[in-house]
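The values are calculated or read from the model by the stated rules, or taken from the named source; none is laboratory data. Note that the structure is predicted; figures quoted are calculated from it, not measured. Positions of Cβ are generated from backbone atoms using ideal geometry, with glycine treated the same way; all protein chains shown enter the neighbour counts. SASA here: full protein model, heavy atoms, side chains in, ligands and nucleic acids out. Shrake-Rupley method; radii C 1.70, N 1.55, O 1.52, S 1.80 Å.
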Amino acid sequence: MGREGREGPLAGITVVALEQAVSAPMCTRTLGDLGARVVKVENPRGGDFARHYDEVVGGLAAHFVWANRGKESVALDLKSRAGMRIMHRLLDRADVLVSNLAPGATAKLGLAAADLAASHPDLIAVEIDGYGPGGPLSHKRAYDLLVQAESGACAVTGRPGQPAKPGPPVADVCSGLYAALSATALLAAKGRGRTVPASVSVSLFDTMAELMGYPLTYTRHSGVEQQPLGMGSPAVAPYGAYPTADGRTVVLGTTNDREWDRLARELLGRPDLADDERFRTNAGRVAHRDVLDAEITAWCGRHDLADVQDRADEAGIGNARYNTPREVLAHPQLAARDRWREIDTPAGPVPALLPPPVIDGFDPPMGAVPALGEHTDAVLAELGLSEGEIAALRERGAVG
């Protein structure tokens, strides 16, 4: 099932996906961005439910368009024997299977890791689940918000008494990226002739527990649960967002004592603050954060955003502009580096960002977003099925 002439580190690798929502689709999209072929197996009755979250992209859902470019959609009813037989024929020719179905779903289909080790011993099975096996929550459905709440991420986001979910679906996306990293690691080992495990699992909860590494470590050893600070950080100070004279917001950050000294002396023009014993160390600045924030707020309030940023750059102080999504769409950094491309969708061409890795000599394929079942006939023909056989399967409802 290889595709001739497709360059990339994973060229020649075929990934079959049983996926929904964001986590597994981001895993397989990442593998596809690196050159793998991704065959997305969907239920003929609606397909990936993320297709129906909204209709803002010319009738298509924004989540689906974002996470599913460059894939081939094959509509199979895996509850039918005929559909499952085709699934196994797909897996016979695949290198990787990625799934994130509901708890127990792959086992019911006979596609759990132990089943695949026997039926497809050369296949690498990657499963993304909610909480991992063997625990009191293993049976529960897990969505991004639920896992962020369960893992404590919402407790360190927002403000005291006003917890918030981090805006991007970080549990889903980071789990997908860990899964993609695991798949590439196993493929690399296999390519060197090493015996590799037949399967790998990544749970959203374990991923978020890892991302919570700093607050968990801090609380374990201090006994203190740090409170969220909105646009600030409990770890360092000064570090936060400050209104400017022209009604904008600048974000200023220091990460060490030398940067603080430059901020106080060169940016604020306040050597008295730089010499104040209360602020000589980061621990002291954190303890007196309110005093510093008041001074910086007052100074920024007397200067326009551009002036603040110019002066901060001259002083070697990290700074950024607080942007809304609309402003990021027109961000000059993305435009200057030619980060936007056009991809095809069933609703017509739309802009899409290139994937983050920039690999010398390789242009990511940036393939089309598939319609549900768009590639069913072509993929089944590759498996050796005739037009008549495909028509008969469709008549029986085994394929869409």
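If I ask for residues that are in a helix (DSSP H, G or I) and exposed (fewer than 14 other Cβ atoms within 10 Å of the Cβ), which ones from region 190-223 would you list?
Once the filter is applied, which keeps residues that are in a helix (DSSP H, G or I) and exposed (fewer than 14 other Cβ atoms within 10 Å of the Cβ), region 190-223 yields GLY191, GLU210, GLY213, TYR214, THR217, ARG220, HIS221, SER222.
Working carefully through the options GLY110, GLY134, find the one that is at positive phi, open to solvent by 50 Å² or more (accessible area, probe 1.4 Å) and not in a helix (DSSP H, G or I).
Of the residues listed, the single one that is at positive phi, open to solvent by 50 Å² or more (accessible area, probe 1.4 Å) and not in a helix (DSSP H, G or I) is GLY134.
So which residues in region 25-60 are closer than 17 Å to PRO349 by Cβ and surrounded by fewer than 20 Cβ atoms within 10 Å (Cβ to Cβ), if there are any at all?
Listed by number, the residues that qualify are VAL56, VAL57, GLY58, GLY59.
Given the conditions (1) closer than 24 Å to HIS120 by Cα; (2) in contact (Cβ under 8 Å) with a residue 24 or more places away in the chain; (3) in a loop (DSSP other than H, G, I, E, B), report the number of the one that LYS79 does not fulfil.
Every listed condition holds for LYS79 apart from (2).
Could you check how many residues of region 149-169 are open to solvent by less than 20 Å² (accessible area, probe 1.4 Å) and within 23 Å of VAL200 (Cβ to Cβ)?
Summing the residues that are open to solvent by less than 20 Å² (accessible area, probe 1.4 Å) and within 23 Å of VAL200 (Cβ to Cβ) in region 149-169 gives 1.
Looking at this structure, is PRO234 touching a strand residue (DSSP E or B) at 6+ places or on another chain (Cβ under 9 Å), within 23 Å of PRO166 (Cβ to Cβ) and surrounded by 14 or more Cβ atoms within 10 Å (Cβ to Cβ)?
Judged against the criteria, PRO234 is not a match.
Give GLY388, GLY373, GLY400 a once-over and let me know the one that is in contact with a Gly (Cβ under 9 Å, 6 or more places away or on another chain), modelled with pLDDT of 95 or more and open to solvent by less than 60 Å² (accessible area, probe 1.4 Å).
GLY373 is the lone residue from the list that is in contact with a Gly (Cβ under 9 Å, 6 or more places away or on another chain), modelled with pLDDT of 95 or more and open to solvent by less than 60 Å² (accessible area, probe 1.4 Å).
I need the helices (runs of 4 or more DSSP H) fully contained in region 291-400, keeping only those with at least 2 residues that are touching a residue at least 60 places away in the same chain (Cβ under 8 Å) and out of contact with any His (no Cβ under 8 Å at 6 or more places or on another chain).
305-315, 376-382
Quick check on region 84-107: of everything there that is touching a His at 6+ places or on another chain (Cβ under 9 Å) and surrounded by fewer than 18 Cβ atoms within 10 Å (Cβ to Cβ), which residue is nearest to CYS174 (Cα to Cα)?
Per the criteria, the residue is PRO103.
Being out of contact with any helix residue (DSSP H, G or I) (no Cβ under 9 Å at 6 or more places or on another chain), closer than 30 Å to PRO121 by Cα and not small (Gly, Ala, Ser), is that true of even one residue in region 170-186?
Checking region 170-186: at least one residue is out of contact with any helix residue (DSSP H, G or I) (no Cβ under 9 Å at 6 or more places or on another chain), closer than 30 Å to PRO121 by Cα and not small (Gly, Ala, Ser).
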